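The values are calculated or read from the model by the stated rules, or taken from the named source; none is laboratory data. Keep in mind that this is a model prediction, so the values were computed, not measured. With ideal geometry, Cβ positions are generated from the backbone for all residues, glycine too; neighbour counts draw on all protein chains shown. To get the accessible areas, we keep the full protein, side chains included, count just its heavy atoms, and leave off ligands, DNA and RNA. Shrake-Rupley method; radii C 1.70, N 1.55, O 1.52, S 1.80 Å.
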Amino acid sequence: MFETIMNLVQQHAGQAVTNNPAVPNEQNDTVIQTVSNSIMKGLGQQAQGGGLGSLLGMVTGQGGGVNDHPVTQGVQQNVQQDLMSKLGISPQVAMSIAGALVPIVLNKLMHKANDPNDSSVDAGSLMNALGGQGGGLGSMLGGLFGGK
């Protein structure tokens, strides 16, 4: 799961990180790693902090688009905080990086979770990786997605 998120961040880091004059080139890899960790941590916090229903709605495509979803907003705040606290990136730059990358990465991740031809992410493993502590939640979600 983390590897998939890391790959998605790397694929879409161009304008937000790599070509961003506010991010020194020697920090690009660290920023990408921090964003990836923060997305994973933010999703886990959403799953465990009472936002499980909201996260489930996002995975199943209910409750609006990923960009406007409360889970996305929560994860963006997490990424922004980590970039500021761990790397000393200014709030404006951290906000622009989080705002550019988080919706794209989550959109791609949810697309992968719902794509029967893509076995890199499935809803059950997504919830298990995020610590969805609902007992058989991962397998229940797998059933929702036709075994995926």
_Out of 61, 65, 53, sole residue that is modelled with pLDDT under 90 and closer than 22 Å to residue 11 by Cα_ = 65
*asked:* Which residue is most open to solvent (accessible area, probe 1.4 Å), if the candidates are limited to the range 66-110 and must be among the small types (Gly, Ala, Ser) and within 18 Å of residue 44 (Cα to Cα)?
replied: 74
*Pairs, please: C-beta under 7 Å, at least 6 apart or cross-chain, first residue without any contact (Cβ under 8 Å) to a residue 60 or more places away in the chain and closer than 14 Å to residue 66 by Cβ and in the range 85-111, second aliphatic (A, V, I, L, M) and open to solvent by less than 30 Å² (accessible area, probe 1.4 Å)?*
103/66; 107/66; 110/58; 110/59; 110/66
